[in-house]
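Reviewing the structure listed below.
The values are calculated or read from the model by the stated rules, or taken from the named source; none is laboratory data. Just so you know, these numbers come straight off a predicted model, no measurement behind them. Heads up, the Cβs are rebuilt from the backbone with ideal geometry, glycines too, and the neighbour counts pull from every protein chain shown.
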Amino acid sequence: MSLETMQDLLVDQLRDIYSAEQQMARTLPQIIEHAKSRSLRDSLLAHLESSVKRIERLDRSMELLNHGSRGPMCRGIEGLLDEVAEVLLKGGNPNVVDAALIARAQRVGHYEIAAYSCALTYAKLLGCDQVANLLSQSLMDEEQADESLLRVAEEEVIAQALQADWIDTNRNGK
């Protein structure tokens, strides 16, 4: 689809987000399975559950715009999810791995926040109020997920990873 109008761009953006959400929904269960921290697993599980709602909102948005949701694979999320897979393959101290998973998950979330923000702006400027409302709800979901991950990182995971570093350093006499 060529980008001749701003509505074309909005549809293109929504299809990209749809692909990103689909990829994330497929990957989150693996990340949850590898997370050591119960708080991190809970935060990621909540994100997975809201992902299903965001996908439904995207489907509804595309119906309102008289277009299908499916489009090309989102290469940006694909690359970011490859980085998550690399963390899982490296392994290591579970607390440090959890901190790395949070960092990677936040990168994915920030990508989605940027994508939803752009699409929301386009929908508002085009007067697509129902679509804008749906996108606004999804943007809030993404922002809440980011805040939840940050809270888990700051209040639990990073402190535990640093404690493991301290114990290891003192055990080895460094």
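Assorted remarks:
- Checklist (1) crowded, with 19+ Cβ neighbours inside 10 Å; (2) touching a Phe, Trp or Tyr at 6+ places or on another chain (Cβ under 9 Å) applied to GLU112, failing item: (2)
- No other residue among ARG26, ARG41, ARG70 is closer than 30 Å to ALA161 by Cα and surrounded by fewer than 14 Cβ atoms within 10 Å (Cβ to Cβ) apart from ARG26.
- Options LEU64, LEU88, LEU58; residue that is in contact with a His (Cβ under 6 Å, 6 or more places away or on another chain) and in contact (Cβ under 8 Å) with a residue 12 or more places away in the chain: LEU88
- Subset of segment 90-109 that is closer than 24 Å to GLN22 by Cα and basic (Lys, Arg) - its residue that is surrounded by the most Cβ atoms within 10 Å (Cβ to Cβ): ARG104
- Just one residue in the set LEU65, LEU120 is surrounded by 20 or more Cβ atoms within 10 Å (Cβ to Cβ) and over 12 Å from the mean Cα position of the chain (by Cα); that residue is LEU120.
- Selection from segment 32-44 of residues that are over 12 Å from the mean Cα position of the chain (by Cα) and assigned to a helix (DSSP H, G or I): ILE32, GLU33, HIS34, ARG38, SER39, LEU40, ARG41, ASP42
- Among the criteria (1) in a helix (DSSP H, G or I); (2) over 14 Å from ARG54 (Cα atoms), the one LEU14 does not fulfil is (2).
- Any hit, segment 102-119, residues being of a type in the set (Ser, Thr, Tyr), farther than 20 Å from MET6 by Cβ and modelled with pLDDT of 95 or more: yes
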